[in-house]
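The values are calculated or read from the model by the stated rules, or taken from the named source; none is laboratory data. Note that this is a predicted model, so its numbers are computed, not measured. Don't worry about glycine lacking a Cβ; one is built from the backbone with ideal geometry, like all the others, and counts go over all protein chains shown.
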Amino acid sequence: MTAIFDFLAIPLGWLMSFIYSGIPNYFISIFLFTLIVRVILFPLSLKTQKNQADRARLAPRLERLKKKYEKDPKKFQEKQMALFEKEGVSLTGGCMPMLVQMLVLFGIISVIYSPLKHIARIPDAVVNASVSAMTSTETEKKIEAAQFKGYYKEMRMLDALDTYEEDVKKAIAALEGYDMAKAEAYVGEMKEFRKDFTVFGENMLQNPWGPKGFGGINILWLIPLLSGITAFLSSMLSMHYTKQISGADTQPGQGCSNSMMMFMMPAFSLFITFSVPGGVGVYWICSNLIALLQTFVLNQIYNPVKIRAQAEIEYEERRRQKQEDKKRLAEARAKEQRELALQQNQNKDKKTTTKKKKTEEMNTVPVDEKTAETADTVESSENEQQ
């Protein structure tokens, strides 16, 4: 890999070297190394999963907003942004964790592609001199020079070390501060390290495809086949959860697209592992298996399907509660109006009764008062006559 990823490959290389020093088996070390890195990055994966779950939680409300503002996309976008802001959900919340994981992935690949540098801890100068020796020999050997360039040059060099051993020793011994004794020691170290790439008598430094193409079927073919199968299982599990969230099967044209995605990654994984050294293919198998496990675990912790279902229940409960509140408020207002009307009627009746009573009092004079008034009148009349 390019030097731009060295800042990640160096610490990851120390981790891989530490694992290998404790368990001197290249393939077991790759699995443990991949697992540990995934565990370290798990919080980022969990954050991405939580963001996806938050989106699933808001999905029912977004669908209703979309239906409500179907003819006004701009208004829908405004309402969507307002909803995400209110609920504290970021539209780009899953991008940064994915970007970090992608950068780390390139660092991991750099470690896997450069085992002498990062795992065996052989100096860069020695590795570069050894690789250069295989492209600087006599003309008949330069026919194979192209394979010693690119990402897999260290593995190619290890595979061809017996053929170019003397040239490699001379190239190392020619380095400043090195001699033939050091050169022989490094070549011996590389040969010892190379033993880890032999499994069931097959050389994992070679491509499964091999120079004979499909005519050279061998046990190394299990590597790309397992890589393709594990990639397919991982894609199928991811698609299973995605379909549950989005209901993609019910959308026209999505079925074909999803099928293409499901088979594209396994096909790509199959192609890649056929055309790279078997040792690299083992990494892809380990990565696919751990990705499969991680997808399952993440969906157990934050299952978007269950979260969406719960959001639907809560939404319906809020709607029911809101309707009940409206009904209770309407009943309370109706009761208040009835009581007010009754009070008004009572006040009106009370006023009418009071007025009637006063009228009656004014029209009704007591008997004694009438007798006195009559006597006074008679007396007044008599006095006048006299």
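Here are the numbers for the structure shown:
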read-out	value
Which numbered condition residue 89 fails, given (1) part of a helix (DSSP H, G or I); (2) out of contact with any His (no Cβ under 9 Å at 6 or more places or on another chain); (3) buried (at least 16 other Cβ atoms within 10 Å of the Cβ)	(1)
Residue, farthest from residue 306 (Cα to Cα), within segment 38-80, restricted to residues that are within 14 Å of the chain's Cα centre (by Cα) and hydrophobic (A, V, I, L, M, F, W, C)	41
Those residues of segment 116-132 which are assigned to a helix (DSSP H, G or I), closer than 20 Å to residue 169 by Cβ, touching a helix residue (DSSP H, G or I) at 6+ places or on another chain (Cβ under 7 Å) and not aliphatic (A, V, I, L, M), in sequence order	117, 124, 130, 132
Residue in segment 211-222 that is modelled with pLDDT under 80, loosely packed, with under 13 Cβ neighbours inside 10 Å and among the charged types (D, E, K, R) present	yes
Qualifying residue in segment 236-254 (condition: in contact with a Phe, Trp or Tyr (Cβ under 8 Å, 6 or more places away or on another chain), modelled with pLDDT of 70 or more, farther than 30 Å from residue 193 by Cα and surrounded by 15 or more Cβ atoms within 10 Å (Cβ to Cβ))	yes
Residue 296 surrounded by fewer than 18 Cβ atoms within 10 Å (Cβ to Cβ), more than 24 Å from the chain's Cα centre (by Cα), at pLDDT 80 or above and of a type in the set (Phe, Trp, Tyr)	no
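Residues checked against (1) outside any helix (DSSP H, G or I); (2) modelled with pLDDT under 90:
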residue: 9; (1), (2): no, yes
residue: 14; (1), (2): no, no
residue: 27; (1), (2): no, yes
residue: 32; (1), (2): no, no
residue: 45; (1), (2): no, yes
residue: 53; (1), (2): no, yes
residue: 70; (1), (2): yes, yes
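Quick grid of which residues meet (1) modelled with pLDDT of 80 or more; (2) surrounded by 13 or more Cβ atoms within 10 Å (Cβ to Cβ):
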{"position": "73", "(1), (2)": "yes, no"}
{"position": "81", "(1), (2)": "yes, no"}
{"position": "94", "(1), (2)": "no, yes"}
{"position": "112", "(1), (2)": "yes, yes"}
{"position": "118", "(1), (2)": "yes, yes"}
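Per-residue answers, yes or no, for (1) at pLDDT 85 or above; (2) in contact with a helix residue (DSSP H, G or I) (Cβ under 7 Å, 6 or more places away or on another chain); (3) surrounded by 13 or more Cβ atoms within 10 Å (Cβ to Cβ):
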{"residue": "141", "(1), (2), (3)": "no, no, yes"}
{"residue": "145", "(1), (2), (3)": "no, no, no"}
{"residue": "157", "(1), (2), (3)": "yes, yes, yes"}
{"residue": "165", "(1), (2), (3)": "yes, yes, yes"}
{"residue": "187", "(1), (2), (3)": "yes, yes, yes"}
{"residue": "195", "(1), (2), (3)": "yes, no, no"}
{"residue": "201", "(1), (2), (3)": "no, no, no"}
{"residue": "209", "(1), (2), (3)": "no, yes, yes"}
